[in-house]
Amino acid sequence: MEYILDTADIEAIRYCNEFYPLAGVTTNPSIIAKEKTNFWELVSEIRSIIGPDKIFFAQTVQKTAEKIVEEAVLLNEKSRGEFCVKIPISEEGIKATMMLKKLGIRVLVTAIFTPAQALLAAKAGADYVAPYVNRLDNIIGDGCNVVAEIVAQFKLHNLSCKVLAASFQTAEQVHKCAAVGCQCITVSADILKAVIAYPMTDAAIEGFDRDWQNVYGDKTILDF
Ligand code: G3P
């Protein structure tokens, strides 16, 4: 299971890349637009933080298969490292996925809300599909169950396409999706922090510090 950071906020990427076992960074047009900055400079800055081996995901803003392919080829060339283009599911998007597979460019089919959409994307050659967990939960759609169904379906049909679950609002959603075997989870920095946080952990650490200091004061192991 891989953790991926879903942001284009440079400080959040720098921070999480230092403190968390990240496999890469995902973006989409809304995430990029939030930064209100030059697109290529942002891509270059993200790459300089994560290095060439972690995977960078950028989404096409084109609507026709030919233009999506053109944009994906450019993104792939200019992203200077492991790269995957995100394409929202549509007929043109599926056509572009099949074309890009012939060019050897990795594709994530995004904005997935049903297992049937995911199966079609995988059959077109997508390397990843991204179901939107919290957006499904918001309409009482049981996002984690949709993720579970996609995982089961890919296994049943022996498809190598990975499930990269996206759109998370709680640590519980992350836990439930990991438990049903999705291969990747993309989250904000806040959700990563929420996954670590637990009040009993804080209490346990305070207890260790108190017991140590009662006997050794400020001395640490390095001082013996
Ligand atoms: O890339 C998809 C993901 O970022 C959507 O998340 O929180 O906008 O539903 P959200």
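The values are calculated or read from the model by the stated rules, or taken from the named source; none is laboratory data. This structure is a prediction, so every number in the text was calculated from the model and none was measured. As a convention, Cβ positions derive from the backbone with ideal geometry for all residues, glycine included, and neighbour counts pool all protein chains shown.
Quick notes on this structure:
- Counting the residues of the range 212-224 that are under 30 Å from Pro21 (Cβ atoms) and surrounded by 10 or more Cβ atoms within 10 Å (Cβ to Cβ) gives 1.
- Condition check for Lys54: away from the ligand (no atom under 16 Å from the Cβ), without any contact (Cβ under 8 Å) to a residue 40 or more places away in the chain, out of contact with any helix residue (DSSP H, G or I) (no Cβ under 7 Å at 6 or more places or on another chain) and within 17 Å of Arg14 (Cα to Cα): yes
- Total residues in the range 49-73, condition loosely packed, with under 14 Cβ neighbours inside 10 Å and either within 18 Å of the chain's Cα centre (by Cα) or under 21 Å from Tyr3 (Cα atoms) (or both): 3
- When residues in the range 152-181 are screened for being more than 14 Å from the ligand (Cβ to nearest atom), within 20 Å of Gly24 (Cβ to Cβ) and within 16 Å of the chain's Cα centre (by Cα), 4 of them pass.
- Counting the residues of the range 66-98 that are more than 18 Å from Pro29 (Cα to Cα), free of Cβ contacts under 8 Å to residues at least 40 places away in the same chain and not in a helix (DSSP H, G or I) gives 2.
- When Lys95, Lys86 are checked against the criterion of being on the phi < 0 side of the Ramachandran plot, crowded, with 23+ Cβ neighbours inside 10 Å and of a type in the set (Lys, Arg), Lys86 stands alone in meeting it.
- Qualifying positions in the range 99-133 - surrounded by 16 or more Cβ atoms within 10 Å (Cβ to Cβ) and assigned to a helix (DSSP H, G or I): Met99, Leu100, Pro115, Gln117, Ala118, Leu119, Leu120, Ala121, Ala122, Val133
- Residue, nearest to the chain's Cα centre (by Cα), within the range 182-224, restricted to residues that are charged (D, E, K, R) and within 30 Å of Tyr132 (Cα to Cα): Asp190
- Filtered residues of the range 1-13 (kept if loosely packed, with under 15 Cβ neighbours inside 10 Å and part of a helix (DSSP H, G or I)): Glu11
- Filter pass, Val151 being touching a Cys at 6+ places or on another chain (Cβ under 7 Å), within 17 Å of Lys86 (Cβ to Cβ) and at pLDDT 95 or above: no
- Within this structure, Val147 passes the test of being free of Cβ contacts under 8 Å to residues at least 40 places away in the same chain and within 15 Å of the ligand (Cβ to nearest atom).
- In the range 112-144, residue nearest to the ligand (Cβ to nearest atom) [restricted to those that are among the β-branched types (Val, Ile, Thr) and closer than 18 Å to Gln183 by Cβ]: Val133
- There is no residue in the range 24-40 that is buried (at least 20 other Cβ atoms within 10 Å of the Cβ), more than 16 Å from the ligand (Cβ to nearest atom), at pLDDT 95 or above and in a helix (DSSP H, G or I).
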